[in-house]
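Okay, structure first, notes after.
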Amino acid sequence: MSALNYISMALDVVVSPVGVVSLFLSVLLGLIFGMLPGLTATMAVALLTGLTYSFDGPLAVLILIGVYIGAISGGCQSAVLLNIPGTPASAATAVEGYPLARQGKAGLAIFVSNASSFSGTMLGIVCVVLFTPLLTRAALKFNSQEMFLLTVFGIVICGNLTSGGRPVKGWISGFIGLLFSQVGLDTVNSMARYSFGIINLTAGISLLPVMIGLFGFPEIVDAFNPESRTIIPVSKFRIKEGFAVLRRNIVNVVRSAILGVTMGAIPGVGEDTGGWLSYWAEKRSSKKTGWGKGEIDGVVSSETGNNAAVGGAIIPVLSLAIPGSAPAAVLLAAFWMHGYRPGPLLMQDTPEFLYYVVVFMVFSAFMMWLLASNISRFTVKILQIKNEILMPIIFVCCVIGAFVVSNRMFDVKLMFAFGILGIVMRQLKYPAAPFLLGIILGNMADENLRRALILNKGSIASFFTRPISLFFIVFILALLVPQFPIAAKLVKGIKQRRRKKS
Amino acid sequence: MAEEKTTQEPADEDRFAGIDPVTGAARSDGKEHLDFATAVLLLGVSIFSVILAYGYYVSSGKVFYASPGLMPVIIAGGVFLLALSLLVQSLKGSSVKERAGQVCEAIPRGLKSKRFLNSSAALGMFWVYIFILLEFLPFWLASLSLLFAVFAYLKASSLIKCIIIAGCSIGGIVLLFQVAFRVPLP
Amino acid sequence: MKLSRKILCAALILLAAAGTVFGGGRQAQTFPAKDITLIVPWNPGGSSDLIGRLLAADMEKTLGVKITVVNTPGATGTVGMNDCFLKPHDGYTLIANATPYTHGILGLANWKPADWSFLGAYYVPGIIAVNKNSPYKTIKQLVDAIAANPGKITGGTAGVGSSGFVNMEVLKSAIPELKNYEHISYSGGAPAVTATLAGEVVFTPQLSNEMIDLLRSGDLIALATLTVDDLKLDGVSYTIPSIKNAYPAAAKILPCGDAFGLLFPSDVPQETQKILESAYLKACQTEAAKKFAAEKGVVLQAMTLDESNALTIADAKLKGWILYDSGAAPKPPADFGIPRP
């Protein structure tokens, strides 16, 4: 059978009435899940996996891909409108998107988010089709040393993620996040750390309760302080303006997509990191001064990045049966449940599967854009609802979200504790985003550093002899050094001397 | 294009303060005493963590670089250095005594502030919900109670509207999760 | 405001009354009278998860109630199992996992192996595999290399307490040369297998289903299997020799692997246990169950309650004491009701 045959088989599934309705419902559901703080993409895929267990294989795959893309894209709505990211992947969008909403530009921000999500998804699909073998080989080259340096890199960029204020607060936030990530059983020796005898703590601190607590609670509690909020009417925007933003940002979009796909393809990092890295990259290379106060380019970068990571995460699923991110892991499990065998035998045993996935992704992207644009007309009205009514309901959703992750009340209590921390941090102007990154990256850093050292009997020479490692080290130093005033003065001094000479 | 009515209230400026827009340098925001207090706290936390981490290293019986104590020591060490830097920054133009005095003054002031009282009320209600209501009551009842209590406290809307909104939202949630997805609720 | 406050209070009291009327007081009927929860104490996609969901899908039909599957990972399965233990022991909360003998001796939990009833559906053998570019073509070459280069030959497992790790510890007692291998931990079976594929470690002694596709594609070569007989897996072109062919001393500790299935506290009422057992046995007879075995390279055993519980005790005796004696487990199995064999 040729590629065209497979594509037409896939089209048969999508274009059928059952297919269209299923796609519509699943993307819609994904968007809603993405929008509601506390309900994540991973959860959405997991819930639908259970629901579609007895469905026909291709239909189930269509539904799951639809909900996955919908959920990752939907997070931007609550990030922009409420400053509470609907999923961790959209945390970066909130930084610029929310100030935009407070300036009355919510409509524009959401339009641009959706368009960027669409672009990111499509570019991600292109990479799946073209680069799967290449990226798979590259992902395999990422051994413990590279993974560790990747986490270091992630922490280093924390200093730049603060929206105003001093970088040191960003780093402190990041490091405290790292410290909290160490709670629980360590992966190498299974020794309980910082758990003080509480069994539930030995499982570690999961990401979602922390995210909801840090980002959500300050907003929710703000509703109890009525002076701090006024209702801002939403100004209409012309679609032309939205497209103009995108046209301006073509380089941004492409770069964010590449970074997103790469982060997705590396197992262990996923859409969350994809969004942040793209945001940071754009911020660094941008000459604009409005960062932190509503820079639309930031929204473009983070939404493109996190959606491109979806394609990226699916690449190792298809080629190695290794998930590139948490939702992709559930997707992989679902594939297995339906008898598909992603992995090295994919093209031999069930070659049509690849085409199914690609075609479904394309249609999901279009459906997502269609639905998201139409929903946003309603969701933007959420800004008009009094906080006093909205926030308590959001709180209940958060409680559910924290519970459903691992089915434990403990996570809800954890969310409460981190909520208090989040409120304090907000008061003291510590950014929450680096903390989140710290929790995400901490265990990865620990595991990989120790493994690299154990493999090399304590010598760090291997970090310098492996090419990718070395590249990372140089890059990280290049980022770090200018941050320190001494170094900056040195560089200035050298430049001045050179100018005097010439 | 409709007119843009933007009212920037103090809360927004608060969020973005800290950088002098002209020189780009961090400017004093009158809150250094809080930084001072945080720095001291963090120093304590990092030392505590290092001590515990050393204990993990010893009890694991492995070489240091392979022990579970490695990463916590590195991280806690980092926190220590960063807290020191924060401490130094907060002491610029002032002294330890002065800052400590400012902190002591600020505490009772803060405890009496409206913001603190409102936030505590909120957290109190949430605490009761999570730790007490959800343990003993079925989900829908606990959540309805919470919403009623919060709406009443915030004087959110007329009584009828409150009941309707609370009922609809909880009903919708229960419908979606328990019926449609069969997901256990807290 | 006063009147509306009164109404509010009245409403709350009415609700409370309604809650108690509808919430509690359903009489005990024949099991199962309500939905069952299956806790998988691992992330989705793993062996426990897939097997649990497979069995649940069919048992739903037999029992006539919905079985909701939830994932509660953490602490190598302890958190999820603890959650189940804390709920009423009435048979409405089940666990999908492997034989439960490691948690106590590793200091993770206080329960004994006898506190759990087990229904072992599948047996998953351990396989020692290397990268296709590896210089070691037979198990003897690998073992000789390990003996000759102490601490240099690395083996990747899913961590202390994982099947791969336990397999190696047990093998060490029969094949002393293996003592010199260097153990490298990963956060799961899949990363350990991937690391072998990527060449970061020399070999991996993990479970068959974790590497089955790579064995089929030839990216990984299986040097030996830890079953009593030679193993022929669907789709793998060669027969994997049992390790006892090269090392007869190993015969006494074979088979080395894990049995996966369903668990519930052993003090669940006997009649309920029997009902669960018969539904489970029916689920094991389905086409889907047999297909799973062939696809994943595992053995469908469908052991009864008694057989499974006996296996748990046998495993705990043999492997538990080996783990304790080698220093991998801090607590002796005797503390958990398992005397020395």
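Since every read-out is calculated from the coordinates, none of them should be taken as a lab result. All values derive from a computational prediction rather than experimental measurement. Positions of Cβ are backbone-derived with ideal geometry, glycine not excepted, and every protein chain shown enters the neighbour counts.
Key figures
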| item | result |
| --- | --- |
| Averaged over A:397-404, number of beta-carbon atoms from partner chains that fall within 10 Å | 5 |
| Cα-based shape type of segment B:79-181, given that a ≥ b ≥ c are square roots of the gyration tensor eigenvalues and the cut on a/c is 1.5 | prolate |
| Entries of C:Lys252/C:Lys319; C:Lys61/C:Lys282; A:Lys169/A:Lys495; A:Lys169/B:Lys92; A:Lys386/B:Lys161 with Cα pairs more than 18 Å apart | A:Lys169/A:Lys495 |
| Karplus-derived HN-Hα couplings along segment C:144-155 (A = 6.51, B = -1.76, C = 1.60, θ = phi - 60°), whole Hz, x at Gly and Pro | 4, 5, 4, 5, 6, 10, x, x, 9, 8, 9, x |
| Positive-end residue, chain A charge dipole about Cα centroid, Cβ charges, pick of A:Gly197, A:Ser256, A:Leu490 | A:Leu490 |
| Relative packing of A:75-82, A:58-65, which averages over residues the other C-beta atoms within 10 Å, highest first | A:75-82, A:58-65 |
| Contour excess over end-to-end distance, with Cα ends at A:Val18 and A:Asn374 and 0.36 nm allotted per residue | 126.0 nm |
| 10 Å Cβ neighbours from other chains, averaged over peptide B:78-87 | 4 |
| Value of relative contact order over chain C, rounded to a whole percent, pairs C-alpha under 8 Å and six or more apart | 24 percent |
| Helical contribution to [θ] at 222 nm, DSSP H n ≥ 4, -39,500 (n - 2.57), averaged over chain C, rounded to 500 | -12000 deg cm²/dmol |
| Dipole magnitude (debye, nearest 20) for segment A:3-465, charges at Cβ of Lys, Arg, Asp, Glu | 1220 debye |
| Ranked C:Ile39, A:Ile389, criterion: other C-beta atoms within 10 Å, fewest first | A:Ile389, C:Ile39 |
| Inter-label distance, nm, simple model (7 Å from Cα along the C-beta direction), C:Asp267/C:Lys291 | 4.2 nm |
| Zone residues, segment A:38-57, relative to A:Met9, backbone N less than 14 Å from point 7 Å out along Cα-to-Cβ | A:57 |
| Calculated FRET value between A:Ala244 and B:Tyr54, using beta carbons and R₀ = 60 Å, to 0.05 | 0.55 |
| Pair A:Lys381, C:Ala147: separation of 7 Å Cα→Cβ label points (nm) | 8.0 nm |
| A:Leu25-A:Asn456 pseudo-label distance in nm [points 7 Å out on the Cα-to-Cβ vector] | 5.4 nm |
| HN-Hα J in Hz across segment C:289-302 - Karplus 6.51, -1.76, 1.60, θ = phi - 60°, x for Gly and Pro | 5, 5, 4, 4, 4, 5, 5, 8, x, 10, 10, 7, 10, 6 |
| Per-pair calculated FRET efficiency, R0 = 30 Å: C:Lys61 and C:Asp90 via Cβ, rounded to 0.05 | 0.90 |
| Residues of type aspartates and glutamates that C:Lys232 reaches as a straight line, Cα spacing below 17 Å, ignoring anything fewer than 8 places off in the same chain | C:Glu210, C:Asp213, C:Glu295 |
| Order of C:Cys284, B:Cys104, A:Cys158 - criterion: other Cβ atoms within 10 Å of each residue's Cβ, fewest first | B:Cys104, C:Cys284, A:Cys158 |
| Residues C:Phe85, B:Phe126, sorted so that the one with the fewest Cβ neighbours within 10 Å comes first | C:Phe85, B:Phe126 |
| For segment B:95-107, 3J(HN,Hα) per residue [Karplus equation, 6.51 cos²θ - 1.76 cosθ + 1.60, θ = phi - 60°, Hz, x = Gly/Pro] | 10, 4, 4, 5, 4, 4, x, 4, 4, 4, 5, 5, 4 |
| Under 17 Å from the Cα of B:Lys97 - lysines, other chains or at least 8 residues apart | B:Lys31 |
| Neighbouring partner chain Cβ atoms per residue of A:434-443, average, 10 Å criterion | 1 |
| Under 20 Å from A:Lys501, Cα to Cα: lysines that are on another chain or at least 8 residues apart | A:Lys489, A:Lys492 |
| Among A:121-127, A:264-270, C:43-49, B:81-87, the order from most to least packed when residues are scored by Cβ within 10 Å on average | A:264-270, C:43-49, A:121-127, B:81-87 |
| Charge dipole of the protein assembly as shown about the Cα centre (unit charges at C-beta), most positive-ward option of C:Gly159, A:Ile375, B:Leu141 | A:Ile375 |
